Amino acid sequence: MKQRQHSQKLILGGEVHNSTASSIAYMEEKVWDKIDKVAINTLLIPIYWELIEPQPNQFDFSLIDSHLENAAEKKIDVIFLWFGLWKNGLSTYVPEWIKTDPKYFRIEDSAGNKMNSYSPLCQDVIAQAHSAFAAICDYLGSHPLRAFIRMVQIENEIGSLGTSRDHSSAAEKVYQMALPQEIRNLYPGAKQWSEVPFGDEVFMAYHYAAEIQDYAKIARKRLALPLFTNVWLKKPDRRPGEYPSGGAVSTTWQVWKVIASQLDFIAPDIYEEEIKPIIAEYGNDQPLLIPETRIDKRYISNLFYAFGQGAIGYSPFGIEDLLTDDTSQDYRFLSQLGLAKDAFDSSDTLPHLNQGYRIIAALEPLLQDQEAQIFSFKKEGAQNQIVYENGQDRWAVKLFSRDKMINSAGLIIKHKEYYYLTGANFALDLQAQQGSNPLGILSLEEGGLQDGQWRTNRRLNGDEAYFPFIGEDFKILRMRLYSY
């Protein structure tokens, strides 16, 4: 059972595509003019170094102004995503005057080939990035609409692509030095980087995390906002460098927690079908935000599992795809990133996302109530049943989704004498796990919560109560039990 440890408004979010927010006109046409159709309360929006500082020390904050003005008009919060020095393992968002200056050196592989990513050992380029970020934080901190800024993400899916570690001359020199004390504390038996388990990744993680720590210190002096970075997750069949080496994945997680301690949390981008281990790892001892996740109808039910596990926010990627009839986008290139194109199929997702978000918003008082017992579940693999038990009652939950159906997932909240049930494609079998005293239904209602008060739409009995179930249409059931 999960009990929430925070009391802030839950983030019912959506992230726009990488380039959508680069134009005021495009953003207004594709997002702001239509966003009322999506039941979100928070929009995740990139802000780009190359557009904010097109010339050294010459800043253009017009995009930020437009985003905040539109957010205020729509009464939507924003989370700004700093696309600065590193994004998805590359350095494509740095200004042109950085890209064309050879003094800013790049990561090199073991053969001396330069990568399209600046080295975390290049202090000159890091100083420029920090200077730009400080100017942005100063601007955000004094902005008249700053109340609409919920959080700031520092960089995006950081790490090194194309090589497991930096082999530039500067990096090689540092690699041969004695281990930093923090690394010796984490790996007591190691005396040099080559003796550290997953040494290449840990080397990169140490230096990336140190720069993110400096970023966070800059922001702390200027902003009273939560700060985080996100992670491109490690896949079992991918080697470091095939995913961004040095990001806060399972092999480097402890390094990031120690070195980047100024961050409030580290957020996983989750596109996998099986998410339980990921949520268990990243939600264990820190707030859990999922800033990017799949937008397909089949797995939109993951939101119930995530919020039931204590997530503070959930955000499908490419939210504007829900607002267009154009389904011609070609996502075959995603296979090169280890992502299934099905995860980006937004067909028929909107009504289900909206209903799911409305249900979570209605249940938020219960999700925040420390007296509530919260249990969430989802079908993974061939699983077709789980057992619910709270020390008093015990029954089976049948998971009946298959093929292209919305994946079985849901929430069971016990509060006082009531059970609140929501989710998709599951049914309760109260007799399957009975003890000496069989369970019966005292009352079963379909309805909703408004301002924390239950409103009954209809009372269920007969066939509708024999196996209490929720199908493809998300809803809330309220149930009381008795034993006989």
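The values are calculated or read from the model by the stated rules, or taken from the named source; none is laboratory data. Everything numeric in this text was worked out from a predicted model, so none of it was measured. Note: ideal-geometry Cβ built from the backbone for every residue, glycine included; neighbour counts use all protein chains shown.
General remarks:
- Of the helices (runs of 4 or more DSSP H) lying entirely inside region 43-160, those containing at least 3 residues that are farther than 30 Å from L12 by Cβ are 96-99, 123-141.
- Residue check, E15 within 19 Å of A267 (Cα to Cα), among the charged types (D, E, K, R) and assigned by the TED database to the domain that holds A129: yes
- Qualifying residue in region 84-102 (condition: more than 30 Å from G162 (Cβ to Cβ) and either surrounded by fewer than 21 Cβ atoms within 10 Å (Cβ to Cβ) or in contact with a strand residue (DSSP E or B) (Cβ under 6 Å, 6 or more places away or on another chain) (or both)): no
- All conditions but one from (1) small (G, A, S); (2) surrounded by fewer than 21 Cβ atoms within 10 Å (Cβ to Cβ); (3) touching a residue at least 40 places away in the same chain (Cβ under 8 Å) apply to A248; the one that does not is (2).
- Test: K75 is out of contact with any strand residue (DSSP E or B) (no Cβ under 9 Å at 6 or more places or on another chain) and under 24 Å from T324 (Cβ atoms): yes
- Hits in region 219-230 (condition: surrounded by 22 or more Cβ atoms within 10 Å (Cβ to Cβ) and either over 21 Å from the mean Cα position of the chain (by Cα) or part of a helix (DSSP H, G or I) (or both)): A219
- Total residues in region 453-471, condition assigned to a loop (DSSP other than H, G, I, E, B) and loosely packed, with under 11 Cβ neighbours inside 10 Å: 1
- Within region 277-300, not a single residue is among the hydroxyl-bearing types (S, T, Y) and at pLDDT below 95.
- Scan of region 194-206 for residues that are surrounded by fewer than 21 Cβ atoms within 10 Å (Cβ to Cβ) and of a type outside the set (D, E, K, R), ordered by number: S194, P197, F198, G199
- Elements of type helices (runs of 4 or more DSSP H) in region 233-319, at least 1 residues being in contact with a strand residue (DSSP E or B) (Cβ under 9 Å, 6 or more places away or on another chain) and under 30 Å from D166 (Cβ atoms): 253-259, 276-282
- Of all residues making up region 63-93, the number that are in contact with a helix residue (DSSP H, G or I) (Cβ under 7 Å, 6 or more places away or on another chain) and hydroxyl-bearing (S, T, Y): 2
- Of the numbered criteria (1) within 17 Å of S131 (Cα to Cα); (2) out of contact with any Phe, Trp or Tyr (no Cβ under 7 Å at 6 or more places or on another chain); (3) surrounded by 16 or more Cβ atoms within 10 Å (Cβ to Cβ), the one N41 fails is (1).
- A count restricted to region 364-381 and to residues that are among the small types (G, A, S) and either modelled with pLDDT under 95 or outside any loop (DSSP other than H, G, I, E, B) (or both) stands at 2.
- Residue count for region 461-476, restricted to those that are at pLDDT below 95 and in contact with an Asp or Glu (Cβ under 7 Å, 6 or more places away or on another chain): 1.
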